[in-house]
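Worksheet: the structure to be examined is printed underneath.
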Amino acid sequence: MDTLLNILDALEVQINILRSTISLQRRCASPSDHAEPREPEVPRRPDQRLTVTPRQQEVITQLGQGLSNRQIARRLDISEATVKSHLYAAYRKLGVSSRSEAILEVLKQEE
């Protein structure tokens, strides 16, 4: 039974990645007048980085292991809503819009 749950969780992660990819492709392909309104980016100097909190980084690290929001919530003993909240805040700070972009950005900052 645990194996089946692990397989289902892995499939959920893959589905979420595909949804993010499709969403990004649609935004890039759509005319700018139909694009979703975006909040203005925070102006930064090239040497100035917005950093994520330790908890946000912990959640993103779990993403890098291919875990779903549900699995991250279980591992960190928090709710899925809290995981989503941490991810939303981290995405804004990092200026990214997907799980994979967030992982890459955190890896760049660790260099």
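Quick notes on this structure:
- Residue within region 44-60 that is under 21 Å from residue 13 (Cβ atoms), at pLDDT below 90, over 10 Å from the mean Cα position of the chain (by Cα) and part of a helix (DSSP H, G or I) present: yes
Every residue, every condition in (1) among the aromatic types (Phe, Trp, Tyr); (2) part of a helix (DSSP H, G or I); (3) over 19 Å from residue 9 (Cβ atoms), yes or no:
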site	(1), (2), (3)
67	no, no, no
75	no, yes, no
82	no, yes, no
89	no, yes, yes
92	no, yes, yes
107	no, yes, yes
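- When residue 96 is tested against the conditions (1) modelled with pLDDT under 90; (2) closer than 17 Å to residue 108 by Cβ; (3) part of a loop (DSSP other than H, G, I, E, B), the lone failure is (1).
- Residue within region 70-77 that is surrounded by 14 or more Cβ atoms within 10 Å (Cβ to Cβ), in contact (Cβ under 8 Å) with a residue 24 or more places away in the chain and within 13 Å of the chain's Cα centre (by Cα) present: no
The values are calculated or read from the model by the stated rules, or taken from the named source; none is laboratory data. Quick caveat: nothing in here was measured; it's all calculated off a predicted structure. Heads up, the Cβs are rebuilt from the backbone with ideal geometry, glycines too, and the neighbour counts pull from every protein chain shown.
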